[in-house]
Amino acid sequence: MAADLSPVYKALPAPAPAAYSWTGCYVGIEGGGMWGQSQHVSTGSENPANAGLPIDNKFNLSGGLVGGTIGCNYQFDPSWVVGLENDTSWTNTRGSANDLLPFNPAAVSQTSEDWIDTLRGRIGFTWDRALIYGTGGAAFAGTQVQVCSPFICVTDSKTRTGWTAGVGVEYAAWQNVSVKLEYLHADFGNAQYINPPVMGPAGGTVVTRNVSLTNDIVRAGLNWRFY
């Protein structure tokens with residue numbers, strides 16, 4: 001009888017862990033490498049016969065970049081996340097090539113970038129703490145064109161506006177901290193530099209030019225999310 005009156009205990013199942021939520025805003029740091037291409041083409045402003053002629057062959061640019069990020073995410077479905085992100089980076093990306101005939105082959109034309117900024121939307125698919133996403137939006141860059149011959153150097157600077165798109169993967173290593181790896185392509189089209197043309201002391205002319213610019217960016221980042 002005493003045995004029949006003893007209470008019966010049953011272990012309750014452990015509660016299921018809460019699914020990770022990507023909703024919230026964050027700040028972060030990022031850094032990596034940037035590669036691209038540029039070409040200088042004559043506008044023909046000093047000699048209409050040269051209009052549209054390439055001043056140099058297409059040349060490659062390369063450099064590093066490091067900067068900061070701010071953004072916000074909203075998880076509107078168990079598996080989908082949308083967001084908006086802005087980042088600004090310092091860079092030392094640059095490249096150059098010798099001019100071609102009928103221009104001065106002793107001259108060197110250079111394109112360089114001092115900073116790059118992107119403002120992008122993001123949409124991604126998440127598996128709990130892992131997020132894979134596509135991203136796209138506007139890109140801005142602080143650029144400089146320099147042309148040096150044996151007798152003169154001429155520099156012109158512009159802020160360029162273009163578009164950017166890419167993909168990335170992000171993983172929430174801790175509750176408020178995530179790491180990411182991202183690829184972006186940016187295209188800034190063409191912009192005009194050195195207008196009006198500049199006459200050198202020995203009679204040569206640094207001509208007005210349209211300069212094309214594209215970038216490919218690979219970078220890693222660390223984000224801290226706050227609620």
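The values are calculated or read from the model by the stated rules, or taken from the named source; none is laboratory data. Since this is a predicted model, take the numbers as computed values, not measurements. Using ideal geometry, Cβ is built from the backbone for each residue, glycine included, and neighbour counts are taken over all protein chains shown.
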Quick check on the stretch 83-129: of everything there that is among the small types (Gly, Ala, Ser) and assigned to a loop (DSSP other than H, G, I, E, B), which residue is nearest to Ala186 (Cα to Cα)? Ala107
Kindly evaluate Ser79 against the criterion of being in contact (Cβ under 8 Å) with a residue 12 or more places away in the chain, surrounded by fewer than 16 Cβ atoms within 10 Å (Cβ to Cβ) and not aromatic (Phe, Trp, Tyr). yes
Can you tell me which residue among Thr118, Thr126, Thr111 is under 30 Å from Phe76 (Cα atoms), crowded, with 16+ Cβ neighbours inside 10 Å, over 14 Å from the mean Cα position of the chain (by Cα) and of a type in the set (S, T, N, Q)? Thr126
In contact with a Gly (Cβ under 7 Å, 6 or more places away or on another chain) and surrounded by 15 or more Cβ atoms within 10 Å (Cβ to Cβ): is that true of Arg209 in this structure? no
Restricting the search to the stretch 44-76, which residues are over 30 Å from Asn223 (Cα atoms), in contact with a strand residue (DSSP E or B) (Cβ under 6 Å, 6 or more places away or on another chain) and surrounded by 14 or more Cβ atoms within 10 Å (Cβ to Cβ)? Glu46, Asn50, Leu53, Pro54, Ile55, Asp56, Phe59
Which numbered condition in (1) modelled with pLDDT of 95 or more; (2) over 19 Å from Ile194 (Cα atoms); (3) of a type in the set (Ser, Thr, Tyr) is the only one that Ser21 fails? (1)
Considering (1) out of contact with any Lys or Arg (no Cβ under 7 Å at 6 or more places or on another chain); (2) in contact (Cβ under 8 Å) with a residue 12 or more places away in the chain, say which one Trp174 fails and leave the rest. (2)
Just to be sure I understand, how many residues within the stretch 163-199 are small (Gly, Ala, Ser), over 12 Å from the mean Cα position of the chain (by Cα) and crowded, with 18+ Cβ neighbours inside 10 Å? 4
